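Notes follow the structure.
The values are calculated or read from the model by the stated rules, or taken from the named source; none is laboratory data. From a predicted model like this one, the values you see are computed outputs, not experimental measurements. Glycine gets a Cβ as well: all are built from the backbone with ideal geometry, and neighbour counts include every protein chain shown. With ligands, DNA and RNA removed, areas are computed over all heavy atoms of the protein, side chains included. Shrake-Rupley method; radii C 1.70, N 1.55, O 1.52, S 1.80 Å.
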Amino acid sequence: MNNKTITVTSPLLPNLDEFHELLQKIWDSKWITNNGSFHKQLEVALAEYLKVPYVSLFTNGTLPLITALQALRINGEVITTPYSFVATTHALWWNGIKPVFVDIDLATGNLDPNKIEAAITPKTTAIMPVHVYGKPCKTKEIQDIADKYGLKVIYDAAHAFGVEVNGESILNAGDMSTLSFHATKVYNTIEGGAMVMHDEKTKKRIDYLKNFGFAGETEVVAPGINSKMDEMRSAYGLLNLKQVDAAIEARHQVAIHYREALKKVEGISYWDDMPGVKHNYSYFPIFVDAKTYGMTRDELYFKMKEHGVLGRRYFYPLICEFSTYRGLPSATKENLPNAYKMADEVICLPMHHALSDDDIQRILNEIVR
Ligand SMILES: Cc1ncc(COP(=O)(O)O)c(C=O)c1O
């Protein structure tokens with residue numbers, strides 16, 4: 001057994017020779033961005049792989065969130081979760097929208113639909129849930145509330161690449177969903193992201209919006225932004241798509257190892273697979289009950305770190321604890337008891353396609369006593 005540092009994630013990299021061949025094509029064509037051939041191919045390939053009607057590629061996973069809110073002309077107040085990466089709420093702030101935090105469900109880490117209605121005011125225009133760790137939100141309950149109050153639903157599906165419920169993509173829920181293809185994600189294009197939409201008209205509008213609003217050589221139809229994915233990363237993405245299934249299966253095996261070893265450990269809990277769900281094993285969060293385990297989450301986290309095993313306290317602190325948001329009336333501990341509890345107990349264990357049996361054993365040795 002060695003003692004090299006075990007990182008929480010490791011990027012899925014395409015074969016370098018194959019990437020070089022595609023780069024050669026780009027060099028030959030001299031078409032390096034602006035809706036080139038690899039960009040077009042990747043949009044079609046992703047729509048097919050993800051079982052969704054339309055995909056629009058972006059330079060990262062934050063800009064499609066900002067753009068979705070623009071496209072749907074969302075304003076006023078939006079109901080969202082504090083238990084996510086800051087980009088979710090930042091996207092609202094960048095659009096001048098007031099975030100209203102609603103508590104999560106401890107069984108999934110996702111926005112609790114039972115608590116949404118109480119937070120709706122005449123200014124509410126949309127709900128922005130997150131499929132945290134790739135675990136599907138209760139999309140039917142959320143849609144029922146949205147329909148009852150005439151609200152839009154935009155899913156931050158940054159973690160939910162390839163996740164399906166009863167054979168259907170989770171990305172088909174709501175009005176739009178957004179993905180992140182950041183290096184740390186199950187499927188990456190180094191930096192990158194996408195928006196998923198249901199109809200051709202919306203796809204066209206989003207394609208304008210991500211290119212400054214240009215609808216033709218001389219026509220600008222909206223105050224768009226520049227968030228187009230370039231040809232290098234589109235080519236890289238095509239290659240990674242060929243190996244993402246194998247990477248997800250490798251992650252699945254890691255999850256099986258973890259669960260088998262951790263089921264005996266008092267004071268440590270984790271989630272099992274959900275019935276009917278095709279998971280992507282993007283993260284493996286464990287929850288430390290300090291009283292029963294005999295060590296706090298932070299004590300365990302820093303002990304692991306000292307021994308070269310890097311977990312991540314993801315999502316700690318909560319978004320609502322950051323200076324921009326902590327003054328909001330909905331940011332309090334009283335309003336969000338479950339989110340504060342989860343943020344205090346969670347450690348995401350190292351999870352990626354290249355963890356060896358030795359690595360897994362070293363990680364578990366830190367936790368199993
Ligand atoms: C839930 C969530 N939303 C949005 C983002 C933003 O994605 P990106 O880093 O690609 O801009 C992330 C990424 O890290 C995320 O985890």
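Pairs of alpha carbons in the chain separated by more than 32 Å make up 34% of all such pairs. Within the shell of other residues whose beta carbon sits under 14 angstrom from the beta carbon of Phe315, the net charge comes to 0, with Lys and Arg scored +1 and Asp and Glu -1.
Only one residue of Met274, Phe287, Ser330 has its Cα farthest out toward the positive end of the dipole of segment 239-369, where Lys and Arg carry +1 and Asp and Glu -1 on Cβ, and that residue is Ser330. Within the same chain, aspartates and glutamates fewer than 8 places from Lys4 are excluded, and of the rest, those with a Cα less than 15 Å from its Cα are Glu306, Asp357, Asp358, Asp359, Glu366.
Seen from Pro99, the other residues with C-beta closer than 14 Å to its C-beta sum to a net charge of -1, counting Lys and Arg as +1 and Asp and Glu as -1. Net charge in the neighbourhood of Tyr54 (other residues with Cβ under 15 Å of its Cβ; Lys, Arg +1, Asp, Glu -1) is +1. Average projection, convex hull of the Cα set of segment 54-204: 8.3 square nanometres. Think of each Lys and Arg Cβ as +1 and each Asp and Glu Cβ as -1; about the Cα centre, that makes the dipole of segment 244-369 roughly 260 debye.
Per-residue accessible area (protein heavy atoms, 1.4 Å probe) orders Trp271, Trp94, Trp27 as Trp94, Trp27, Trp271, starting from the largest. In this Cβ point-charge picture (+1 for Lys and Arg, -1 for Asp and Glu), segment 111-161 has a dipole of about 40 debye about its Cα centre.
Calculated FRET efficiency, Asp144 to Ser10, Cβ-Cβ distance, R0 = 41 Å: about 0.55 to the nearest 0.05. Residue separation of Ser356 and Asp272 scaled by 0.36 nm, minus their Cα-Cα distance, works out to 28.1 nm of gained length. As a fraction of the 1.4 Å probe accessible area of segment 291-369, surface on carbon and sulfur atoms comes out at 48 percent.
Among beta bridges identified by DSSP and lying wholly in the chain, the antiparallel ones come to about 60 percent. The slack in the chain from Thr218 to His198, taken as 0.36 nm per residue of separation less the alpha-carbon distance, amounts to 4.4 nm. Using the 1.4 Å probe convention, the accessible area of the chain works out to 44 Å² per residue with neighbouring protein chains retained.
The stretch between Met295 and Ile256, if pulled fully straight at 0.36 nm per residue, gains 11.6 nm over its current Cα-Cα span.
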